[in-house]
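Here's the structure, in structure tokens; my notes come after.
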Amino acid sequence: MVRKLGTVMIMVADIERSIAFYRDVLGLEVEQLSGEWAQADAGGTYIGLHGSERGGAGGEAPFALMFDVDDVEETFRAIATRGAETLEEPHEQPYGKIATVKDPDGYAVQLIEPSHR
């Protein structure tokens, strides 16, 4: 039986660049490093970064990583200050406040302050 999302694996063009983004910009702890594989703890769900020549989102990314945050505006400003490319400023949606940044391969990283806390 499925209990929760355990790992999201994404193919990346440059493993070191992606590790730096998830560790240094988003502030996640990288727990595993092995060749072209790295795994970062995102609050009990893991992001698996797999280096590959096919890596990178190119155009529109087929999915987004979504992180719940306590204060979307504060988190968005902090991440943008640390070098993330911003896509959408914080704004209201029916489910809460949301903002979007990009990782180095063009994948959308959404920050959500849920309205149902």
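The values are calculated or read from the model by the stated rules, or taken from the named source; none is laboratory data. A quick note: this is a predicted structure, and the numbers were derived from the prediction, not measured. Ideal geometry is used to build each Cβ from the backbone, glycine not excepted, and the neighbour counts take in all protein chains shown. These area figures cover heavy atoms from the full protein model, side chains too; ligands, DNA and RNA do not enter into them. Shrake-Rupley method; radii C 1.70, N 1.55, O 1.52, S 1.80 Å.
Positive contributions from Lys and Arg (+1) and negative ones from Asp and Glu (-1), summed over other residues with Cβ under 12 Å from the Cβ of Glu74, come out at -2.
Which net charge results when you count Lys and Arg as +1 and Asp and Glu as -1 among the other residues whose beta-carbon is under 13 Å from that of Ala40?
Details: positive: Arg23; negative: Asp24, Glu29, Glu31, Asp41, Asp103.
That sum, taken over residues with Cβ under 13 Å, equals -4.
Computed from label points 7 Å out along Cα-Cβ, the spacing between Glu16 and Val30 is 1.0 nm. Full extension of the chain segment joining Arg23 with Glu85 gains 20.8 nm, where the gain is 0.36 nm per residue of separation less the Cα-Cα distance. Within the full protein context, the accessible area of Ser115 is estimated at about 80 Å² for a probe radius of 1.4 Å. With respect to the chain, whose longest principal axis is taken over its alpha-carbon atoms, helix 72-81 is tilted by about 40°.
Once the piece of chain linking Asp70 and Asp41 is laid out straight, how much longer is it, given 0.36 nm per residue of separation minus the C-alpha distance between them?
Working: separation 29, 0.36 × 29 = 10.44 nm, distance 1.79 nm.
Computed gain between Asp70 and Asp41 is 8.6 nm.
Taking all protein chains as present, what is the carbon and sulfur share of the accessible area of segment 21-112, in % to the nearest whole number, probe 1.4 Å? Spell out each step's value before the answer.
Details: 2240 of 5020 Å².
Within segment 21-112, the accessible surface is 45 percent carbon and sulfur.
The phi torsions of segment 41-52, fed into the Karplus equation with coefficients 6.51, -1.76 and 1.60 and a -60° offset, translate into couplings of 7, 10, x, x, 9, 10, 9, x, 9, 10, x, 7 Hz, rounded to whole numbers, with Gly and Pro shown as x.
Tell me which label goes with the value of semi-axes √(5λ) of the Cα gyration tensor in Å computed from the coordinates here: (i) 23, 17, 14; (ii) 36, 15, 12; (iii) 28, 15, 14. Answer label, from the structure shown: (i).
Using a Förster radius of 35 Å, what is the FRET efficiency between Ala78 and Glu53 based on their Cβ-Cβ separation? Nearest 0.05, please. Result of the calculation: an efficiency of 0.60.
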